[in-house]
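A.B. asks: I have a structure I would like to understand better, so I am pasting it below and will then ask my questions one at a time.
The values are calculated or read from the model by the stated rules, or taken from the named source; none is laboratory data. This structure is a prediction, so every number in the text was calculated from the model and none was measured. Backbone-built Cβ (ideal geometry, glycine too); neighbour counts: all protein chains shown.
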Amino acid sequence: MREQLYLWKVTLIDQKTVDVIAETLPMALRSVLQEVIKVERKEAREKEEPPPVLDKLEPESATIGARSFALRVLGKEFRGGATIFWNERPVPTYYVSPTELQVQVNMETVREEHLAEIYVRDTNGYISEVLPFTFMKPAPGGDADS
């Protein structure tokens, strides 16, 4: 069976129109997004200001009921003014070095298990990869701070 391809016209935020040939609209949008990311990264390299890169979070999870703590966001290419985003929301960010940012996690506000998505946006608007942070229930009979 032969696949049917369509020509999709996608208008970007800067009002630039891109023509994409794909089977479905989601496939077309994925293709456009991949190209936009490539262009952004290329422009960042040309400016000698690469986008931030996330390597890991320390810790990677917390137990509900534990004490509040500073989450270490580790990676590279962090510059002053970079902001940590927590589930799409900017949070007060402490710049430590080009390889570390921190955010204070107030555990008094966490009531249920969930997964938070963490990423960094720098002052040029470049966005890092997303890393997950998990809030877990204490083990049965366990202590949240143990």
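A.B. asks: Name the strands (runs of 3 or more DSSP E) wholly within the range 80-133 that hold at least 2 residues that are outside the structural domain of Glu60 (by TED's automatic domain parsing)?
C.D. replies: Ranges flagged: none.
A.B. asks: So, Thr134, is that one touching a residue at least 24 places away in the same chain (Cβ under 8 Å) and surrounded by 13 or more Cβ atoms within 10 Å (Cβ to Cβ) or not?
C.D. replies: yes
A.B. asks: Could you look through the range 58-73, keep only residues that are under 11 Å from Glu113 (Cα atoms) and in a strand (DSSP E or B), and pick out the one that is farthest from the chain's Cα centre (by Cα)?
C.D. replies: Thr63
A.B. asks: Tally time: how many residues in the range 66-115 are on the phi > 0 side of the Ramachandran plot, surrounded by fewer than 13 Cβ atoms within 10 Å (Cβ to Cβ) and touching a residue at least 40 places away in the same chain (Cβ under 8 Å)?
C.D. replies: 1
A.B. asks: Which of the following residues is out of contact with any Phe, Trp or Tyr (no Cβ under 8 Å at 6 or more places or on another chain), surrounded by fewer than 17 Cβ atoms within 10 Å (Cβ to Cβ) and farther than 25 Å from Ala139 by Cα: Lys42, Lys56?
C.D. replies: Values: Lys56 fails: farther than 25 Å from Ala139 by Cα.
Testing whether each residue is out of contact with any Phe, Trp or Tyr (no Cβ under 8 Å at 6 or more places or on another chain), surrounded by fewer than 17 Cβ atoms within 10 Å (Cβ to Cβ) and farther than 25 Å from Ala139 by Cα leaves just Lys42.
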